[in-house]
Structure formats: structure tokens, C-alpha cells
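Okay, so here's the structure we're looking at.
All of the numbers you see were taken from the coordinates with simple rules; none came from a lab. Note that the structure is a prediction, hence the values are computed from the model and not measured. As a convention, Cβ positions derive from the backbone with ideal geometry for all residues, glycine included, and neighbour counts pool all protein chains shown.
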């Protein structure tokens, strides 16, 4: 019985630490404040995602970004990559889908590739804020 209580207490404490870590986003650095090598690696991943997966997302959802009807589709997120190169968690800070709020389904579609991706050593054990998608200055 004591072992069960200990295990539940440990799991609860670990969950609370992770939740607190995700909630305190003010101290998390922006992607451009990473080291030069980390930032260059992230920009390569982000640029490839924009030119491939993001284009598919826009096509699937019939999104045409322009200054008349849809000035942007983006998500500002905090990303944490663990030591094995997997996305450990993410937290959406802000986001718009043509001026409207995101649905959970659209959010998951935006994050799908990042959840499957194995990140290179330069980005392992790193947490940072970034913008996924694009917004026009109209």
C-alpha cells in the first residue's frame, strides 16, 4: 500500500512540475535567442515545414492568405524537445486562423509533423518560443 501511495505521489509531483514548466512562458527564450547553431537548425526545420506541410494545410483547409479576407494563419507556441530528440510538449500561446481562433483539430494538424519529427542533437533538451505559420502586414 505504501508503495502505491509513493508511486501516485511521485507521478502527481512529476505532472505538476511539467505543468508548471509549461505555464511559465515569460522566461522561455524566443527562437532567435537560441545559439547560432540551434537557431540555424530550427530555421531550416521551420522553413521546410512552411514550404511543405504548411502549404498542404492551407490547401486542405482552402485557405488563401491575402490582405482582403485572410491576413494570417499562425500559432505562437512554446516547444520543448527532450534528450531523445522528440517533442516532449508544446503549449499554444496565441494563434489565429484567418482572424478566427483555432480549433483543437486545426491545432493538432499544425503540430502533426513536429510531433513525429526526430530533432537533431543541436535542439535536444531545448525549450523555446516560436511562430508557426505566417501573417501578412497589410
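Annotations for the structure displayed:
- Between the beta carbons of residue 36 and residue 109, assuming R0 = 22 Å, the FRET efficiency works out to 0.10 to the nearest 0.05.
- The alpha carbon radius of gyration of the stretch 28-135, expressed as a multiple of 2.2 N^0.38 Å, is 1.06.
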